[in-house]
Amino acid sequence: MSEEQNEVLAQQQYLLERRMYRLDPAPPKLPTQEYIIRYLPEKEDKYLAWYLHDQEPALNKLVQTACERYGMTEHFSDMKQAAVCGILTALQKYDPAVGAPFVAFQKRYIQDSIEDYIRTAQSGAVTMTPDTYPVLRRIMAIYHRDGDNGNDETIERIADEVGMEYTTVKRYLAIGLLNECRADFYKDYDENGEETDEDITVDYSFEPEKLYSRNVLYNALYSAYDRLSYREQRTLAKHLGFCDSCWSTSKAILKNGEVEYIPIKLMTFEEISHSASRKSDKAAERTYNMAIAKLREHILQDPTYQYLLG
């Protein structure tokens, strides 16, 4: 594989790792605590997916900092999954009645999970092989049979049944829960906010080469957009009518307790200037034109786009 192809794959991997929990269309924008309050009573994965979509930028920043601190940048994806394991552990122990917001409550569990990953990455972690995968399936079967309860008593009972150490079972369980939850996170939601079983990670409507070309172009565009300033991103999003964090052209609102998706309104330069308290209506237009020029320059310089052009 050529160096140019390696750069393309590395760029695609970078983008995928930082958008593992992004949903399109974006879920309703609620106060952060509200996602958790809605999730806890019935443990509906939909609300957990919405929470991770909302928190992913902060999660990316936290994990990137940890990767740089410990010199483990190539472990970003695994460390991010470990952080989500910490969130899942925190959810099992969280009680809203205590009064502390979940985003603060989860910090210790996220940090503990990341540090546990760092230790196991250095001393040997559980990996899925033809030998270990059946063990994982057996542990998850017992876990679900006992009512999806991940308390210490359940883990000890599973450990006795499979003849393994408590800490090893706990690690298997964390991997199993993460894999199951990530499958749910990639579920789509129809216009009524209901989950669908469509596999949105697969697109059968295009020829393979066309699908690949489209993905390369999108990746180049997303990468270029990420390099713009915050003001430039916001101006583009408002004028062209898309979400500045997930790029969806529709947004979810709550109407009579139900989720409804509506198109994002396109704003004029005058409206953008007024909403941002800018001195001149021309300020937004200048920012927009500058952002478009930068996008074009970044895309033309992007290795994935250059590779596509041959």
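Only the coordinates and a few stated rules stand behind these numbers; no lab work does. A quick note: this is a predicted structure, and the numbers were derived from the prediction, not measured. Note: ideal-geometry Cβ built from the backbone for every residue, glycine included; neighbour counts use all protein chains shown.
One table, with the values for the structure above:
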| item | result |
| --- | --- |
| Residue-by-residue Karplus 3J(HN,Hα) for region 18-25, coefficients 6.51, -1.76, 1.60, Hz, glycine and proline x | 8, 10, 4, 10, 6, 10, 9, x |
| Under-5 Å amide H pairs with Lys251, H placed in peptide plane, nonlocal only | Ile262, Ile264 |
| Contour excess over end-to-end distance, with Cα ends at Tyr166 and Leu136 and 0.36 nm allotted per residue | 9.4 nm |
| Rough spin-label spacing in nm, given labels placed 7 Å along Cα→Cβ, for Tyr218 and Arg108 | 4.1 |
| Extension gain (nm, one decimal) between Glu42 and Cys243, 0.36 nm per residue minus Cα-Cα | 69.4 nm |
| Restraint check, Lys61/Lys107; Lys29/Lys238; Lys80/Lys107; Lys61/Lys93; Lys43/Lys93; Lys61/Lys294, Cα-Cα greater than 18 Å | Lys61/Lys93; Lys61/Lys294 |
| Net charge of Cβ neighbours under 12 Å - reference Ile264; Lys, Arg +1; Asp, Glu -1 | +3 |
| Nitroxide proxy distance, nm - points 7 Å out along Cα→Cβ at Arg157 and Leu15 | 4.7 |
| Rounded FRET efficiency, nearest 0.05, which uses the C-beta distance separating Lys282 from His144 and R0 of 51 Å | 0.25 |
| Per-residue ³J(HN,Hα) for region 157-165, Karplus 6.51 cos²θ - 1.76 cosθ + 1.60, θ = phi - 60°, Hz, x for Gly and Pro | 5, 5, 4, 5, 6, 9, x, 10, 5 |
